[in-house]
Each structure stands twice: as C-alpha cells, then as structure tokens.
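As structure tokens, the structure follows; a few thoughts come after it.
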Amino acid sequence: MADPGKLPPSNIETDQSRYPFWALEKWIRELIAFLIGSVFGPGASTIVWRPGGVTAGNVFATWAEVVAQVATMNGAITIGLDTDLAAAVIPPGNYDLRPVGISGPVTFVNASKAPAFAAPFLTIGPGAVTIKGLTGLDDVQIDNQSTVAVMAITANGSFSLHGRAIVFQTGAGPFWAITGGDYAILLSDASQISVTGGPAIALTVAAPATLLLTLEDNSSVATGTITAAAGAMTVAVASGAQYFAQAGAPTIVPTVQRQSGSSAIVVGTGKTAAIPAFISATSKILVSQKTPAGDALTVKYAALAADRVVGAPGSFQITAILAAGGGAVNGADTSTIDWEVIAGP
C-alpha cells in the first residue's frame, strides 16, 4: 500500500470539543499496516502467520505451513503473528523449526493491527505439543495448555522475552524443561512468566543442566512457576523487576530487588514468626505499624540482625521493642506490621 503520509487536512478539526478521534485512529492503523508491510516484505527473513487468511507470498494461513517454511530457512527468522482474522492455535503434534542442517534463531513477533498496540495471543494445545528451535517472543502472549513439555532443552542455548511478552502457564506440561547444557532465559520490557487460576510449573531445571534467568525492566516471574535442582539455577533480578519465591528454585542473586508484605506479631513472644524472603548481608528491611494491638509500651519495631537468616530464600523476624532496652520485647503486642525488604547487590 502507499505511504499514508501526514494526517489529511480534511481530518483535522480546530474545535477540540469535536475532534474526530476515529479519523486519527484510522490513520494510525494505516501507518502501522504500512510499517508492517515494509518490515515483512518480500526478501526479508520473516514470514507471517495469519490464521483465517489466505496463503500467498510470505503469508501463511496454517501453523503446518509455517513450520514447513521455517524449517527450510537458515539464519535469523521472525514469525509475525497476525490474529486480526482468527485466533492462533498450535494443535497437538511435534514441530521442529530447526531440523538437521538448518540453524539460526526463531522469534515470534507482533504482526497484528487490531486493536492497535495490543499483543496477539497464541494458544498452545490443549494436548501434547512439542516445539524445537524457538528462541524468543517479542510482544506476543502465549497460553501454554500443553500436557507435555513444549521445549525440551538438552544442549546449550537461550530464549528471550521482550516487549510485554508473556508465557501464561495453564497446562500440565511446562513451557521449558531443561535437562542438559547451559541455558539462559532473559525477560525484559515488562515481560512475564505467569499463571492463570493458580500455581502451575512453567519451567523445570534438572541436573546436569544449568540455567541463568535474568529479569530486567519491570519484568516478573510469578510464584510457584519454577522448579530447579539445587545449584542448577541462578537468577539475576535487576531494579524494578520482580521474582517471587519459588520453593524449588534455591539459587538467587537479587540486585536491588524489593519484596514486601504484612505480618502479625505472635502473642506472648513480641516477635513475628519467621518471614521467608531473599536476604543478603546487605539487605535493608523497612518496617511500619499497620494495625495496632497491645502496643502501648512498644517504642519501636525492628528487624534485628540476630533474627535475620541470609539465604535464598532466607528469613527475618520483626520485634516489638520496649523502652527498657537491652533486648526487652513487648510480649503483649500483637500488632500487624508492614515490611519491605530491599536486597542489595
């Protein structure tokens, strides 16, 4: 199509109370369509999967056609996901995007135009789905309903999630099952590993494999989505990112990570129960009273050094301290305390 160029004068109103937002939106959609056409044009190492569309040129209507085409293309490949006409679903089956003799990264990217700026949604399954050779998501959201591991990793490699990419884990089979090699997963630009409806394992790491999981730029990993053998996984959490506690993933390297919550002081003890958190030698713990109860003699609350256990996760306790000093605590205090842990480098 032709370059839509500037907004036509006929679509511009000087009366701001009657400004036709529909015309501006139409122009934006046309501009996006033009840019997508330029990026995904003939000769580019890109194909478009358009469910409900017509197969022609580098546009394919079915997943089977996409796999057949990508499996013949060397080099970096992007699969533009266009769900404007119909939903994208990968049915049960075993799919190899990188058979013997074919190499290069393969990334799903957003090629949808409606609604503007929304990430397309891709459903995997339900049923047994395996995919070999996929290395990234960019502004694409996946609902993993597979009953088996989608990506069985046995050798060195990497995977990246960018631009609000999300893996929603809803099926019994994890999206990644890493059993060999040194693997790296990077989440950036507000990407997520998440769940819908409750804990579900999206990522497993078993010896002798190792994994480096890096979170940047407001990305996050939901609790209860990862299991890993002891010493098999390292997590680097940058400022602004969130990595919630994973019972089966013991190795964490927090970098200015923030954790927060509320805990009640246990009656008769003057302290909260041990609070699980990622604690390093340089962690800062901020506390403030939320709900007063029996606090008449309490002069302050603190997370004392003696009550901190360094670890991933470690723990700490909050103490209600009396004016008498010398470690005296107020056993009558049962207040609820807000806390925030800021993990240093």
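A few comments on the model shown:
- Scope region 199-230; condition outside any strand (DSSP E or B), among the small types (Gly, Ala, Ser) and touching a residue at least 24 places away in the same chain (Cβ under 8 Å); matching residues: Ala200, Ala202, Ala206, Ala207, Ala209, Ser219, Ala222, Gly224, Ala229
- Whichever residue in region 217-242 is out of contact with any Asp or Glu (no Cβ under 8 Å at 6 or more places or on another chain) and closer than 20 Å to Gln141 by Cβ and, among such residues, is surrounded by the fewest Cβ atoms within 10 Å (Cβ to Cβ): Thr223
- For region 300-317, a tally of residues being loosely packed, with under 13 Cβ neighbours inside 10 Å and either touching a strand residue (DSSP E or B) at 6+ places or on another chain (Cβ under 8 Å) or outside the structural domain of Thr336 (by TED's automatic domain parsing) (or both) returns 1.
- Against the numbered list (1) of a type in the set (Val, Ile, Thr); (2) modelled with pLDDT of 50 or more; (3) surrounded by fewer than 12 Cβ atoms within 10 Å (Cβ to Cβ), Thr14 comes up short only at (2).
- Of the residues making up region 47-69, those that are within 13 Å of Ile90 (Cβ to Cβ) and in a helix (DSSP H, G or I) number 5.
- For Ala281, the stated conditions hold: it is modelled with pLDDT of 80 or more, small (Gly, Ala, Ser), under 16 Å from Val341 (Cβ atoms) and part of a loop (DSSP other than H, G, I, E, B).
- Residue in region 130-138 that is assigned by TED's automatic domain parsing to the domain that holds Ala229 and either out of contact with any strand residue (DSSP E or B) (no Cβ under 6 Å at 6 or more places or on another chain) or acidic (Asp, Glu) (or both) present: no
- Every listed requirement among (1) surrounded by 13 or more Cβ atoms within 10 Å (Cβ to Cβ); (2) over 38 Å from the mean Cα position of the chain (by Cα) is met by Ile275 save one, (2).
- Test: residue in region 133-147 that is of a type in the set (A, V, I, L, M, F, W, C), in a loop (DSSP other than H, G, I, E, B), surrounded by fewer than 21 Cβ atoms within 10 Å (Cβ to Cβ) and in contact (Cβ under 8 Å) with a residue 40 or more places away in the chain: no
- For region 95-105, the criterion of a residue being surrounded by 14 or more Cβ atoms within 10 Å (Cβ to Cβ), touching an Asp or Glu at 6+ places or on another chain (Cβ under 6 Å) and closer than 23 Å to Asn156 by Cβ is satisfied by no position.
- Of all residues in region 107-121, those satisfying the criterion of being assigned to a strand (DSSP E or B) and surrounded by 22 or more Cβ atoms within 10 Å (Cβ to Cβ) are Phe108, Val109, Asn110.
- Scan of region 184-216 for residues that are over 20 Å from Ile142 (Cα atoms) and either in contact with a Ser or Thr (Cβ under 6 Å, 6 or more places away or on another chain) or modelled with pLDDT of 95 or more (or both), ordered by number: Ala206, Ala209, Leu212
The values are calculated or read from the model by the stated rules, or taken from the named source; none is laboratory data. All values derive from a computational prediction rather than experimental measurement. So basically every Cβ, Gly included, is an ideal-geometry build from the backbone, and we count neighbours across all protein chains shown.
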